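This report refers to the structure that appears directly beneath it.
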Amino acid sequence: MKEEFDLQEYLAQGVEQVVKDALKATLRDPRESTFMIKFASASRKASKHREELEKAGEHIPSYLICSITSRCNLHCAGCYSRCNNATVDDAPVQQLTAEEWFKIFREADELGVSFVLLAGGEPLLRRDIIEKAGEMQNILFPILTNGTFMDEKYFDLFDRCRNLLPVMSIEGNEEVTDARRGKGIYNVLIKNMDKLHDRHLFFGASVTVTRENIKEVSSPEFLDSLKRRGCVAVIYVEYVPVSDESTELALTEEEQKYLSDEIMRLREEYPEIVFISFPGDEKESGGCVAAGRGFFHINSHGGAEPCPFSPYSDINVRDTSLREAMHSRLFEALRSSEILADDHIGGCVLHEKRDQVEALLRGEM
């Protein structure tokens, strides 16, 4: 008889591994390692709390993704967020305030969420929110940024609040990065990495993996360059097609397997760097972990969505609690359906099965 998959145990082991790797990655810096030791203790406490809630019949994910603004200064080629009209040049006024986000962060802490990824748009445009996040020392906040708005005030903030980890988007070498993000962006990123390194501040890198750059972004040349500059985390995000024309950029099943094997190898070869794959090997986790299985997404207006790649919502945290949002009708329907475990092409089953997600949203399935 096949052993039943234990999602809670799988997620708990994943968090423990990230924290363990992060501790190894920060041992060379006393201030950073001191914070990580404290965070490891808070993370264990949060994991125990989630486990207790699980036994009581309530599943709480370990991760939360928050798009704290819909405004961005760049027009990156193939941006899923702009394709979904979730990112614009000028942010509308009805976005959540810093105090509203602070309330969400406090609720996340109380529920036992250990990681809150801050995204956008460009999150560094909302310094007021990031300052609030810095106060929540039990939570680690990776900040997914294009790196163009870093200044001395941000360097000072990252120095004071070690739970804020800038994660800069880079696609490989200068030619590939600038081709997707704009001329000169690569040099801005390298300059900021060097400034962070000079100030003994750690950072991460976010890499969108396509068929065109998959070999380069796992190469020694690329990773050694990041390592020399003090990078402690690399997040590999599998490219999600935003149009029929861009489907050829999505990883094949063979390439997904290659990336998974490479990450296992890199974890051994670069113990000072934490490697995370998103969405990663969904077969290992019993299917996609969005819609509250392992994480969910809150957009800049407060809508609770299954995933940034699946911008559908039937509940808003402005009108309810974070806890209630986790159990929205849409989330419950997705978790009880077979959609999350369906076979699919590319990095996101919910994007590919969006017609079915929309049907669930309308209550037709």
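A few comments on the model shown:
- Taking 0.36 nm per residue of separation and subtracting the current Cα-Cα distance, fully stretching the chain between GLU107 and THR247 would add 46.6 nm.
- Judged by the ratio a/c of the largest to the smallest principal axis of the C-alpha gyration tensor, the stretch 14-84 counts as oblate, that ratio being 1.5 or greater while a/b is no larger than b/c.
- When the listed pairs LYS153/LYS195; LYS132/LYS153; LYS20/LYS257; LYS45/LYS103 are checked against a 19 Å cut-off, the alpha-carbon distance exceeds it for LYS20/LYS257; LYS45/LYS103.
- Estimated FRET transfer efficiency (GLU358, PHE149; beta-carbon r; R0 35 Å; 0.05): 0.50
- THR34 versus ARG265: modelled label distance in nm, points set 7 Å from Cα along the beta carbon direction: 4.0
- Heavy-atom accessible surface of the stretch 76-141: percent carbon and sulfur, 1.4 Å: 50
- Calculated accessible area for the chain comes out at 45 Å² per residue, all protein chains present (probe 1.4 Å; ligands, DNA, RNA ignored).
- Label selected from [x] 54, 52, 45; [y] 58, 54, 41; [z] 64, 44, 37, the criterion being Cα extents along the principal axes in Å as computed here: [x]
- The residues packed around VAL18, meaning those with a beta-carbon under 12 Å from its beta-carbon, carry a net charge of +1 if Lys and Arg are +1 and Asp and Glu are -1.
- Gain upon complete extension [GLU255, GLU338; 0.36 nm per residue less C-alpha separation]: 27.4 nm
- Computed FRET value (nearest 0.05) for SER321 with GLU16, which takes r as the C-beta separation and R₀ as 22 Å: 0.20
- With all protein chains in place and a 1.4 Å probe, the accessible surface of the stretch 180-259 carries 50 percent carbon and sulfur.
- Where TYR186, TYR239, TYR258 fall by accessible area, highest first, once all protein chains stay in place (1.4 Å): TYR258, TYR186, TYR239
- Segment LYS215-ALA98, extension gain: residue separation times 0.36 nm, minus the distance between their alpha carbons: 38.1 nm
- Nitroxide proxy distance, nm - points 7 Å out along Cα→Cβ at LEU23 and LYS45: 1.6
The values are calculated or read from the model by the stated rules, or taken from the named source; none is laboratory data. The structure displayed is predicted, hence computed values, not measured ones. No Cβ is skipped: glycine too gets one built from the backbone with ideal geometry, and neighbour counts run over all protein chains shown. Each accessible area value is taken on the protein alone, full model and side chains, heavy atoms only, with ligands, DNA and RNA left out. Shrake-Rupley method; radii C 1.70, N 1.55, O 1.52, S 1.80 Å.
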